[in-house]
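What follows is a short report on a single structure.
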Amino acid sequence: MSHSQHTEPKRSHEPIFWGLFGAGGMLTAFLTPVMVLVTGILVPLGLMSPEALSYERIHDFATTWYGAAVLFVLIALPLWHTLHRIYHGLHDIGIHRGRDIQQVVSYGFAFAVSVFVFTLLLQMF
Amino acid sequence: MSKRKPYERELPTDWWLKHAFYTKYMIREGSSILITLYSLILAWGVFRLSQGPEAWQAWLDCLTHPLSILLHLAVLVLALYHTITWFSLAPKAADLWIKGKKLEDKPIVIGHYVALAITTIVALIIVAAY
């Protein structure tokens, strides 16, 4: 067997997804609890004024470039974390067939929802 | 068709229920499902926002349904569980060395909880400042 001195290592795409997983995990750890608290509990129960989530306020925010960026990151980034976990979780619960298709579907789902939100924010701009 | 018959070790589907360590692991991983659902609810909110004031109000009204409140309480509990596990892993990820000595785990974990408290309070102030 001959060993070439210039063999290029095969690059993995894992670091990209791992990076998004880490960033999404960080964001989820720090901000998801307070987001759920506000949108899912405090405002619906009337413990916080509905003014906090009024159409004018949220629409004005979503149509600024920084507001759109904040909303995009807050909604889309956690998905790159959770779908990474769900993809690896499929292995844990014994679903081994079609791993590459599972990967395409998992990250594809995160990508599709990201595009959905991005497009809507762009359209409102 | 391959005639090869590789040996596959049997794994019962409830393997993660027999050991608290694995159960906690699966709860952590499983929290992803509800957090995904929460992101989808928010993504839907952006869609309704783009449709105008009535659509946005309809989305807000949906969130007041008792089942929605229960769902969000469950999301909150699991999100907090994710936070706790994330912070307890943080020292392993950070691996900080100061003057040739590895920083202890405790200050890193406490630092994360302080940062969580600050971001939560700041977020609540921003949201409440209408």
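Where a number appears in this text, it was derived from the coordinates with a stated rule and is not lab data. Remember, it's a predicted structure, so these values are computed and weren't measured experimentally. Neighbour counts are summed over all protein chains in view; Cβ atoms, including those assigned to glycine, are modelled from backbone coordinates with ideal geometry.
Within 10 Å of each Cβ of B:57-70, how many other protein chain Cβ atoms are there on average?
3
Filter the trypsin sites (Lys or Arg not before Pro) in the stretch B:1-46 to those in DSSP coil with at most 10 other Cβ atoms within 10 Å of their Cβ, and list the result. Intermediate values should be presented prior to the final figure.
On the way: sites: B:LYS3, B:ARG4, B:ARG9, B:LYS18, B:LYS24, B:ARG28; in loops: B:LYS3, B:ARG4, B:ARG9, B:LYS18.
Those satisfying the criteria are B:LYS3, B:ARG4, B:ARG9, B:LYS18.
Longest span of chain A, sites excluded, free of trypsin sites (Lys or Arg not before Pro) in DSSP loop with at most 12 other C-beta atoms within 10 Å?
A:12-96
What are the extents of the Cα atoms of chain B along their three principal axes, listed from largest to smallest and rounded to whole Å?
Over chain B, Cα extents along the principal axes are 60, 60, 29 Å.
Please report the relative contact order for the stretch A:14-124, taking Cα pairs under 8 Å with a sequence separation of at least 6, and give it as a percent rounded to a whole number.
It rounds to 34 percent for the stretch A:14-124.
Show that you can apply the helix-only estimate: for chain B, add -39,500 (n - 2.57) for every DSSP H stretch of four or more residues, divide by all residues, and state [θ] at 222 nm to the nearest 500. Don't jump to the answer; show the numbers that get you there.
Numbers: 4 runs with 94 residues, N = 130.
So the calculated ellipticity at 222 nm is -25500 deg cm²/dmol.
List the chymotrypsin sites (Phe, Trp or Tyr not before Pro) in the stretch B:1-106 that DSSP assigns to loop (not H, G, I, E or B) and whose Cβ has at most 11 other Cβ atoms within 10 Å. Which are they?
B:TYR7
Counting pairwise Cα distances across the protein assembly as shown, what percent come out greater than 32 angstrom?
33
When you look at the Cβ of every residue in B:14-21, what mean number of other chain Cβ atoms sits within 10 Å? Walk me through the numbers before you get to the answer.
Numbers: counts 0, 3, 2, 0, 0, 0, 0, 0.
Mean partner shielding for this stretch: 1.
Within the set B:LYS18/B:LYS106; B:LYS3/B:LYS24; A:LYS10/B:LYS99; A:LYS10/B:LYS5; A:LYS10/B:LYS102, which residue pairs have Cα atoms separated by over 32 Å?
Violating the 32 Å limit, Cα to Cα: B:LYS3/B:LYS24; A:LYS10/B:LYS99; A:LYS10/B:LYS102.
Which angle between 0 and 90 degrees, to the nearest 10, do you get for helix A:65-92 versus the longest principal axis of chain A when only C-alpha atoms count?
That works out to roughly 50 degrees.
For a test of the definition: using alpha carbon positions, the gyration tensor, and the 1.5 limit on a/c, classify chain A as rounded, prolate or oblate.
prolate
For chain A, take the longest principal axis of its alpha carbons; what is the angle in degrees between that and the long axis of helix A:99-124, to the nearest 10 within 0 to 90?
Relative to chain A, helix A:99-124 is tipped by roughly 30 degrees.
Which of the helices in chain B meet the span-like rule: DSSP H, Cα axial reach of 24 Å or more, Kyte-Doolittle mean at least 0.0? Mind showing how you got there, number by number?
Working: long enough: B:20-50 (45 Å, 0.83); B:66-94 (41 Å, 1.41); B:105-128 (35 Å, 1.80).
Long hydrophobic helices here: B:20-50, B:66-94, B:105-128.
Quick one: compute the contact order of the stretch B:1-78, relative version, from alpha carbon pairs under 8 angstrom and 6+ residues apart, as a percent. Write out the running numbers ahead of the final one.
Working: 23 pairs, mean separation 22.8, N = 78.
It rounds to 29 percent for the stretch B:1-78.
At 222 nm, what value in deg cm²/dmol follows for chain A if DSSP H runs of at least 4 each add -39500 (n - 2.57) and the sum is divided by all its residues, to the nearest 500? Numbers along the way, then the final one.
Values: 4 runs with 85 residues, N = 125.
Calculated from helices alone, the mean residue ellipticity at 222 nm is -23500 deg cm²/dmol.
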